[in-house]
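Colleague: Sharing a structure here in structure tokens format.
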Amino acid sequence: MSDGDGLPERQLSRDRFLRIAAAAGGAVLLPGVAAEAAGALATESGRLQVLDWAGYGNDGGQDMFAQYVKKYPSNKPQFTVMGNESDALAKLHAGLKPDLFRPYVGWVKYFATSGLVQPWNPKLISNFKQLNPFMVKAGQHNGKQYGIPADWGFDAILYRTDKVKPKSRSWGLIFDDRYKGRISWFDDLNMITLAGLYLGFPRPWRQTDEQLKRSQDLLIKKKKNVRLIWSSEPNLWEAFGSGDLWIAYAWPNDWVQMKKKKLKVAYMRPKEKPIAWVGMFMLLKGTSRSKLAHAYVDAWSSAKSGKWLEDNYGYGHANTRARPTSSDLLRALQLTNLRAVTEPNAYLDRDIPRRALYARTWEEVKAS
Amino acid sequence: MTELAPAAPPAPRRRRLDLTTPTLLGLPLGWLAVFFIAPIAIVLLYSFNVYSLYPGEQGFTLKAWHDFFQSSIYLSLFWKSVQMSLIVSVIAVALAYPLAYFLALSGTKRKYVFLLLLIAPFLTSYLLRVLAWKVILGDHGVINSFLSWTGIRDPDHPISQLLYSRFAVILVLIYVWLPFVALPIFVSLENLDRRLLEAATDLGASRFQAFWRVTLPLSLPGVVAALFFVFIPTLGEFVTPSLVGGASGYMYGNQIVDLFSTGFPDWQTGSVLAIFLLGVVALLMILSARFLQARKVTAD
């Protein structure tokens with residue numbers, strides 16, 4: 001589509017005219033950015049289609065993209081909820097045509113090589129330079145920026161200090177026979193990775209068949225100690241908060257939430273290292289609203305949005321200038337340390353080449 | 001003499017095309033074909049890898065079926081679910097029978113009021129009813145609090161098996177399905193020819209003998225229908241186990257859902273599990289239909 005296509009079809013409101021005039025005027029001073037913005041207004045139409053997790057659309061996450069809506073009121077985002085990356089993948093293959101979606105960092109390579117997505121143009125994202133460089137790097141494949149980092153956190157261990165006496169700072173606590181019936185795991189194939197970490201495998205994301213068998217055997221053997229395999233945070237908060245659970249595979253926000261309930265809890269960073277996860281916005285190939293998608297992600301990437309996310313959802317934000325009000329969350333996320341998400345502090349979650357096999361192995365653990 | 005012309009044969013009446021039956025049946029049958037048979041056929045094709053939503057190698061293969069029957073894990077899980085559903089069905093029927101008996105045969109004038117009370121829980125959300133059990137069964141729930149208050153149980157050692165366990169799933173499913181079970185039994189008893197009971201009494205049968213030899217056998221179709229009515233849906237149940245089942249209450253239905261939607265989509269294996277469940281359920285429905293066709297016995 002050439003510039004200007006579709007323009008005559010739309011009626012220009014006064015508001016819209018003024019914005020285009022402003023963009024055109026600004027173009028004298030900032031030719032590149034303003035021209036892009038004006039180009040977006042001229043060529044891209046319709047509502048921005050966003051495939052995202054529940055709670056990040058008009059069901060509570062409006063502050064994350066308020067700047068975008070203010071700027072492009074005629075192209076307000078329209079949301080489809082994704083249950084997880086697997087669900088998103090199914091929806092994309094079934095014919096859903098979103099402009100962007102937000103899988104997690106372990107899926108970047110999978111989607112980048114799937115032919116479903118295209119790289120972003122970081123120059124169109126004014127807040128890009130404020131994003132954590134390690135997370136930015138994790139969003140790249142073959143030198144191209146396929147993922148724009150957004151929210152993040154750790155997989156580590158939450159436990160009740162008044163009930164649990166860990167033998168050591170280790171992932172072994174979530175397998176500890178002494179606390180049978182008080183432990184909670186997370187319903188994700190990352191449990192296989194975690195078992196590999198605990199068993200000391202050098203590359204837990206690329207386990208051999210024999211290593212996978214050992215990881216699975218460990219999980220099946222220890223599943224008798226597990227009371228709940230949680231799949232949503234409210235599910236965990238309710239069970240942990242009511243005292244049914246004492247130890248859980250958890251995220252930093254879960255620790256903050258349990259502290260708010262006046263429970264004596266600690267958030268352990270195991271010696272085998274926590275795993276850091278990062279939400280990555282990805283741009284769908286062939287989207288007709290590429291620039292609007294960039295503007296949407298730009299709004300998400302601002303320090304203001306980041307602070308809102310940290311204060312309201314308890315996750316970290318990739319914008320290094322975003323700081324939460326809660327000092328507890330600041331500590332749990334180690335927000336003053338840019339390297340918190342990577343070695344030697346943690347492992348950034350990564351591609352699992354045999355993801356289907358990992359998933360099958362984990363499903364068999366649950367079914368056993 | 002004029003010959004009388006033979007009377008002309010009556011003109012054949014034009015046969016009217018009766019479209020009533022095809023019209024009446026067409027819509028529901030078409031609906032079933034498009035929204036029930038076709039999706040099942042697609043799932044079947046998925047199970048043989050003839051059709052796949054994802055790019056990759058496609059082609060008829062029995063591998064997923066072979067793996068399923070070779071896998072002790074999936075079949076064990078299915079057997080575990082069968083056991084749980086059987087326990088739920090039998091207990092629900094045992095509890096519902098006296099209830100239905102009272103409503104149908106006690107002669108109370110308020111039986112329909114009681115019947116309404118029985119189904120009153122349906123006025124609230126299914127999820128709400130299941131979630132309410134968490135308040136009752138939790139470590140600091142109603143039961144454990146009562147036990148610690150009475151000194152029967154140390155507050156630091158509550159009965160933790162009450163929630164997030166197989167027991168919790170069975171208990172909640174019984175609660176949820178009890179009204180469903182009572183209804184077919186009630187109908188079966190309500191239609192019982194009372195003269196048969198009078199005849200039994202006239203012939204010297206005690207009340208228990210009359211129940212054992214007349215009422216129970218004649219209400220068996222309703223009992224069997226009720227049994228299947230619970231067993232079939234609970235076999236594929238996944239909502240209740242995911243809410244109160246925890247790690248040990250995980251059922252076959254949960255596995256199907258998870259294969260389709262979590263981790264990495266494995267629609268082929270998920271389809272195999274779903275079709276296998278469908279096959280078992282279909283077989284059970286045929287069996288239950290045979291019981292439902294049992295002839296009604298009257299005193300005439």
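Colleague: For segment A:344-368 and segment A:139-187, what is the separation of their C-alpha centers, rounded to whole Å?
Modeller: 14
Colleague: To continue, here is another question. Could you work out the percent of alpha carbon pairs in segment A:268-350 separated by over 23 Å, rounded to a whole number?
Modeller: 32
Colleague: How many percent of all Cα-Cα pairs in the protein assembly as shown sit more than 43 Å apart?
Modeller: Counting pairs separated by more than 43 Å, the tail of P(r) holds 40 percent.
Colleague: Here is a follow-up. Take segment A:242-311, drop everything but the C-alpha atoms, weight them equally and run the Debye formula without solvent; then report log10 I(q)/I(0) at 0.13, 0.14, 0.19, 0.24 Å⁻¹ to two decimals.
Modeller: Calculated log10 I(q)/I(0) at the listed q: -0.63, -0.69, -0.91, -1.12.
Colleague: Among B:Leu86, B:Leu284, B:Leu173, which one shows the highest mean-square fluctuation when chain B is modelled as a Gaussian network with alpha-carbon springs under 10 Å?
Modeller: Ranking B:Leu86, B:Leu284, B:Leu173 by mean-square fluctuation puts B:Leu284 first.
Colleague: Sticking with this one: I want to verify a result. In a Gaussian network model of chain B, Cα cutoff 10 Å, which of these has the top mean-square fluctuation: B:Arg194, B:Arg110, B:Arg166?
Modeller: B:Arg110
Colleague: Run the reach check for A:Lys285 against lysines, Cα to Cα strictly under 16 Å, same-chain hits fewer than 8 apart removed. What comes back?
Modeller: Correct list for A:Lys285: A:Lys91, A:Lys97, A:Lys109, A:Lys144.
Colleague: Mean-square fluctuation check for chain B, GNM, Cα pairs under 10 Å: which of B:Thr269, B:Thr20, B:Thr240 is largest?
Modeller: Of B:Thr269, B:Thr20, B:Thr240, the most mobile in the Gaussian network model is B:Thr20.
Colleague: Go ahead and estimate [θ] at 222 nm for chain A from helices alone: -39,500 (n - 2.57) per DSSP H run with n ≥ 4, summed, over the residue count, rounded to 500.
Modeller: -10500 deg cm²/dmol
Colleague: If you don't mind, there's one more thing I want to ask. Based on Cβ point charges of +1 for Lys and Arg and -1 for Asp and Glu, what charge dipole magnitude is obtained for the protein assembly as shown about its Cα centre, in debye rounded to the nearest 20?
Modeller: 1000
Colleague: Over the C-alpha atoms of segment A:136-255, what are the Rg and the largest Cα-to-Cα span, Dmax, in Å?
Modeller: 15.9, 49
Colleague: Averaged over its residues, how many other protein chain Cβ atoms are within 10 Å of peptide A:356-366's Cβ atoms?
Modeller: 5
Colleague: Using a 10 Å cut-off on Cβ to Cβ distances, tally the other chain neighbours for every residue of B:252-263 and report the average as a whole number.
Modeller: 5
Colleague: Need one value for B:46-53: mean number of C-beta atoms belonging to other chains within 10 Å of its residues' C-beta atoms.
Modeller: Across B:46-53, the average partner-chain Cβ count within 10 Å equals 1.
Colleague: Output the 0 to 90 degree angle, nearest 10, between the alpha-carbon long axis of helix A:303-313 and the longest principal axis computed from the alpha carbons of chain A.
Modeller: Helix A:303-313 and the main axis of chain A meet at about 40 degrees.
Colleague: Explain nothing, just the number: relative contact order of chain A, from Cα pairs under 8 Å at least 6 residues apart, as a whole percent.
Modeller: Relative contact order, chain A: 24 percent.
Each value in this text was obtained by applying a stated rule to the coordinates, not by laboratory testing. Remember, predicted model here, so these are calculated numbers, not experimental data. Cβ atoms come from the backbone with ideal geometry, glycine included; neighbour counts cover every protein chain shown.
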